[in-house]
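Take a look at the structure set out below.
The values are calculated or read from the model by the stated rules, or taken from the named source; none is laboratory data. Only a predicted model underlies this, so the values are computations on that prediction, with no experimental measurement involved. Note that we place each Cβ from the backbone using ideal geometry, even for glycine, and neighbour counts take in every protein chain shown.
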Amino acid sequence: MAQAHGGFAPARVRAVRDVARDVRLLEIEPEGGTRPYPTGSHLDIAVMVGDLPDVRSYSLVGRAPHAGAYRIAVKEVGDSRGGSLYVRALEGGARVEVSAPRSHFELAHGRPEYLLVAGGIGITPIVGMLEALADRDVGFRLLYAARSREQMPFLDEVRALAGDRLELFVSADGERLDIAEQIARLHPDGELYLCGPLRLREAAQRAWRDAGRPADRLRFETFASGGRFAPEAFVVRLRDVGGADAGAREVRVPENRTMLDALRDAGVEVMWDCLRGECGLCTVDVLEVEGELDHRDVFLSDEQQAQGDKLCTCVSRAVGGAITIDTGFRATPAAR
C-alpha cells in the first residue's frame with residue numbers, strides 16, 4: 001500500500017488572526033525550523049476528527065516562510081468533515097504535528113504570459129506565485145473572484161503586488177467572471193494557474209479544451225473537498241469476487257469521513273496514495289448505484305465520471321442511498 005504522508009514533526013502555533021470574514025490565518029513554527037519551498041506548496045497537519053486521527057492539507061501563503069514560520073489560511077466550511085474545525089480552533093501556543101512543505105502546483109518559468117485565477121480561499125497558493133512574478137519582467141494577470149469583498153483574504157496584499165493587473169469579480173456587486181473570455185485573451189503559449197471551487201475549475205477546463213490549448217498549460221490546485229452535493233452518510237456494499245460472503249458485507253460511510261477512511265476502518269484493503277483525488281490509485285469499480293455519485297476527483301475524465309462505473313474513494317461520495325462496488329482486492333488462495 002502506498003502512502004503519501006509521513007515525516008511529521010512537532011511544531012507550535014505562534015499566532016492566529018482573522019484575515020477575512022470566514023478565513024483565519026495561522027503562523028506555525030516547526031521546532032526544527034522552516035525550510036525554503038517551491039511556489040504552490042502545502043503543509044500537511046495532523047488533526048483529530050472526532051476521536052480519530054487524520055491529516056489535512058493547507059496551501060502555504062507566500063513564496064517563503066514568514067519570520068521563521070509557515071503561514072496557512074483556513075476557511076470556515078459549513079459541511080466540513082471536521083479538519084478545518086479542528087485547525088481553526090487552535091490558539092497561539094498550541095502544539096501540532098506538521099509535515100515538511102511539498103508542492104504539486106509549482107509555477108513554471110519561461111512562459112510569455114501567466115493568467116492566475118483565484119476563487120475565494122483559492123487565493124492562498126496564488127499569493128506566492130504573484131510575489132514571484134511581480135519580481136520578474138513578465139506579463140501576468142490575476143483574476144480574483146468571491147461572493148463579497150469581506151470574503152477576500154489578502155486583498156490589500158495582492159492589490160499592492162499586482163496593481164492594475166488585478167481584476168476583481170464580486171458576485172454581490174453583480175460582477176461575473178467569464179473564464180472563457182479571459183482564456184481567449186491569454187497569449188497562445190501562456191499558462192493558467194487556478195485554485196478555486198469545483199464549478200470554476202470545471203468551467204476553466206471546458207473553456208481550455210474548447211480553445212484547443214495544450215492540456216499541460218492549465219494547472220490547478222485542489223484538495224478535492226468540494227462537490228456538487230453536501231456530504232451525507234451512505235452505504236457501500238462490497239461485492240468482491242471470490243469472497244465467501246460476497247455481496248453481503250456493508251460499510252457505512254459517515255458524512256464526516258471519506259469512503260476510503262470508512263473502508264480502511266472496516267479492514268477493507270484499498271490501495272491509496274495522494275488523498276487528493278489526483279493519482280487514481282484508490283479508484284474502485286461501481287457496480288450499482290442507488291442515488292447519485294458525487295465525483296470530487298480530478299483523475300477521472302468528464303466522460304468517465306458521466307459513465308459512473310468508477311469512483312475515487314479518497315474524495316468522492318454518493319448521495320441519496322447506497323452503492324455497490326468491487327474494490328479489485330483478491331485474497332491469495334491458501335497454500336495446500
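Side notes on the structure shown:
- Number of positions in the range 107-138 that are loosely packed, with under 15 Cβ neighbours inside 10 Å and of a type outside the set (Lys, Arg): 7
- Tallying residues that are of a type outside the set (Ser, Thr, Tyr) and either closer than 15 Å to PRO36 by Cβ or at pLDDT 95 or above (or both) within the range 48-73 yields 13.
- Sub-6 Å Cβ pairs linking a first residue in the range 31-47 that is outside the structural domain of LEU194 (by TED's automatic domain parsing) and in contact (Cβ under 8 Å) with a residue 40 or more places away in the chain to a second residue that is part of a loop (DSSP other than H, G, I, E, B) and among the aromatic types (Phe, Trp, Tyr), at least 6 apart or interchain, are GLY40/PHE105; ALA46/PHE8, ordered by first then second residue.
- Listed conditions (1) in contact with a Leu (Cβ under 7 Å, 6 or more places away or on another chain); (2) under 18 Å from ARG239 (Cα atoms) are all met by CYS314, apart from (2).
- Extreme residue, modelled with the lowest pLDDT, among residues of the range 223-244 that are under 30 Å from ALA108 (Cβ atoms) and out of contact with any Phe, Trp or Tyr (no Cβ under 9 Å at 6 or more places or on another chain): ALA224
- Filtered residues of the range 266-293 (kept if among the aliphatic types (A, V, I, L, M) and without any contact (Cβ under 8 Å) to a residue 40 or more places away in the chain): ALA266, VAL286, VAL289, LEU293
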